[in-house]
């Protein structure tokens, strides 16, 4: 899952939000120095990723990508799942997505002092460039995926992966709609955060 899903699966406090988004930014950190609620959020992040990576729906979706792009299927699906989450927001959550997003951006700004520098920089970009609005439409989602591809420092065929998503869009959407409630239930039952 990508940033939006990790954020919405967090508890409604800045420590949990920070921990749930920390997964991609904690390499080399002394985790034992983290606030206990941030650490619990990080555990929640890792449980979310583990469940997602091992889920049969997600494994099946990865096979829909061509061999030259399959290596990046997990990254593409993470971002695509945020797109589907926004698209079907009202099916899973009560406040409107616009209201949730506004509160999330406010919370991300308030949580910056809790974040490592690279994370704070990325989350500032999420807010100032309104990433989640760009995830709502497929062409902009394709541009977001291409921006991710441009940051990879070795030769690859990741750019243009949206061309492989578009013909499989409906099947991927239906898989997400079966998978996401199971993820919600799994995280709820694990109860890693107080």
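The values are calculated or read from the model by the stated rules, or taken from the named source; none is laboratory data. All values derive from a computational prediction rather than experimental measurement. Cβ sites come from the backbone with ideal geometry, for glycine too, and all protein chains shown count toward neighbours.
Observations on the model:
Listed here are the residues, each with its yes/no results for (1) within 17 Å of the chain's Cα centre (by Cα); (2) within 21 Å of residue 9 (Cβ to Cβ); (3) free of Cβ contacts under 8 Å to residues at least 12 places away in the same chain; (4) surrounded by fewer than 20 Cβ atoms within 10 Å (Cβ to Cβ).
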site	(1), (2), (3), (4)
58	yes, yes, no, no
65	no, no, no, yes
68	no, no, no, yes
83	yes, yes, no, no
87	yes, yes, no, yes
100	yes, yes, no, yes
105	yes, yes, no, yes
108	yes, yes, no, no
140	yes, no, yes, yes
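- Set 10, 47: member being surrounded by 14 or more Cβ atoms within 10 Å (Cβ to Cβ) and part of a helix (DSSP H, G or I): 47
- Pair list, Cβ under 6 Å, 6 or more apart: the range 1-25 residue within 8 Å of residue 45 (Cβ to Cβ), other residue part of a loop (DSSP other than H, G, I, E, B): 20/10
- Identity of the residue in the range 166-194, without any contact (Cβ under 8 Å) to a residue 24 or more places away in the chain and part of a helix (DSSP H, G or I), that ends up farthest from residue 9 (Cα to Cα): 167
- Looking across the range 29-44 at every residue that is in a helix (DSSP H, G or I) and over 17 Å from the mean Cα position of the chain (by Cα), the one that is surrounded by the fewest Cβ atoms within 10 Å (Cβ to Cβ) is identified as 32.
- Going through (1) more than 20 Å from residue 49 (Cβ to Cβ); (2) assigned to a helix (DSSP H, G or I); (3) at pLDDT below 95 one by one, residue 101 falls short only on (3).
- Extreme residue, surrounded by the most Cβ atoms within 10 Å (Cβ to Cβ), among residues of the range 121-133 that are touching a helix residue (DSSP H, G or I) at 6+ places or on another chain (Cβ under 6 Å) and over 15 Å from residue 23 (Cβ atoms): 132
- The helices (runs of 4 or more DSSP H) found wholly in the range 53-95 and carrying at least 1 residues that are within 16 Å of residue 136 (Cβ to Cβ), at pLDDT 95 or above and in contact with a helix residue (DSSP H, G or I) (Cβ under 7 Å, 6 or more places away or on another chain) occupy 73-87, 89-92.
- Subset of the range 110-120 that is surrounded by 18 or more Cβ atoms within 10 Å (Cβ to Cβ) and in a helix (DSSP H, G or I) - its residue that is farthest from the chain's Cα centre (by Cα): 114
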